[in-house]
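Colleague: To start, I am sharing the structure in question, which I have written as structure tokens.
The values are calculated or read from the model by the stated rules, or taken from the named source; none is laboratory data. As the structure is a computational prediction, the values presented were derived from the model and not from experiment. FYI the Cβ positions are ideal-geometry reconstructions off the backbone, even for glycines, and counts take in every protein chain you see. Please note that ligands, DNA and RNA were not included when accessible areas were found on the heavy atoms of the full protein model with its side chains. Shrake-Rupley method; radii C 1.70, N 1.55, O 1.52, S 1.80 Å.
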Amino acid sequence: MDWQVFWVTFGTVFLAEMGDKTQLAALTSPRIKGTPISVLVGACAALCLATLLGVIVGGVLAQYVPQALIKKAAGAAFVIIGGLILLGKW
């Protein structure tokens with residue numbers, strides 16, 4: 001286990017997830033449903049599955065697509081989605 005990679009990944013994901021829509025939905029669900037443990041387990045399972053899929057797809061892409069191109073495509077996608085959000089179309 002590469003602990004440096006672990007902590008960088010943990011910090012990045014933790015900060016990126018703070019205050020996002022998913023966290024806000026999980027924050028309000030226990031109050032409505034009255035089952036905080038179920039909400040916690042469901043949210044953790046969903047984040048783990050989404051991360052697993054990202055790691056698998058990223059690993060496959062990294063074998064066939066240069067890293068510089070992946071970074072540029074990801075940056076362009078963020079800019080496009082941000083523009084669509086600002087225009088109210090996303």
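Colleague: Quick check: at a probe of 1.4 Å, how many percent of the accessible area of the chain sits on carbon and sulfur atoms?
Modeller: In the chain, the share of accessible area belonging to carbon and sulfur is 75 percent.
Colleague: Treating the beta-carbon of each Lys and Arg as +1 and of each Asp and Glu as -1, no other charges, what is the dipole magnitude of region 4-90 about its Cα centre, to the nearest 20 debye?
Modeller: 180 debye
Colleague: Find the accessible area per residue for region 16-90; the probe is 1.4 Å, ligands and nucleic acids are left out, and the unit is Å².
Modeller: Result: 84 Å² of accessible area for each residue.
Colleague: Another question, then. Ranked highest first by average number of other Cβ atoms within 10 Å, how do 4-12, 24-32 line up?
Modeller: 24-32, 4-12
Colleague: Using the membrane-span-like helix rule (whole DSSP H runs, Cα extent along the own axis of at least 24 Å, mean Kyte-Doolittle hydropathy at least 1.6), which helices of the chain qualify?
Modeller: 36-64, 67-86
Colleague: Additional query: Determine, from the Cβ-Cβ distance of Ala16 and Leu87 and an R0 of 25 Å, the FRET efficiency 1/(1 + (r/R0)^6), rounded to the nearest 0.05.
Modeller: 0.60
Colleague: Looking at (1) -0.86, -1.11, -1.25; (2) -0.68, -0.82, -1.01; (3) -0.75, -0.88, -1.05, which value of log10 I(q)/I(0) by the Debye sum over Cα atoms at q = 0.15, 0.18, 0.22 Å⁻¹ comes from a calculation on the structure shown?
Modeller: (1)
Colleague: Can you compute the FRET efficiency between Ile80 and Cys48 using 1/(1 + (r/R0)^6), with r the Cβ-Cβ distance and R0 = 35 Å? Round to the nearest 0.05.
Modeller: Result of the calculation: an efficiency of 0.80.
Colleague: With unit charges on the beta carbons (Lys and Arg positive, Asp and Glu negative) and the dipole taken about the Cα centre of the chain, which residue among Ala26, Ile80, Val60 sits farthest to the positive side?
Modeller: Looking along the dipole axis, the top candidate is Ile80.
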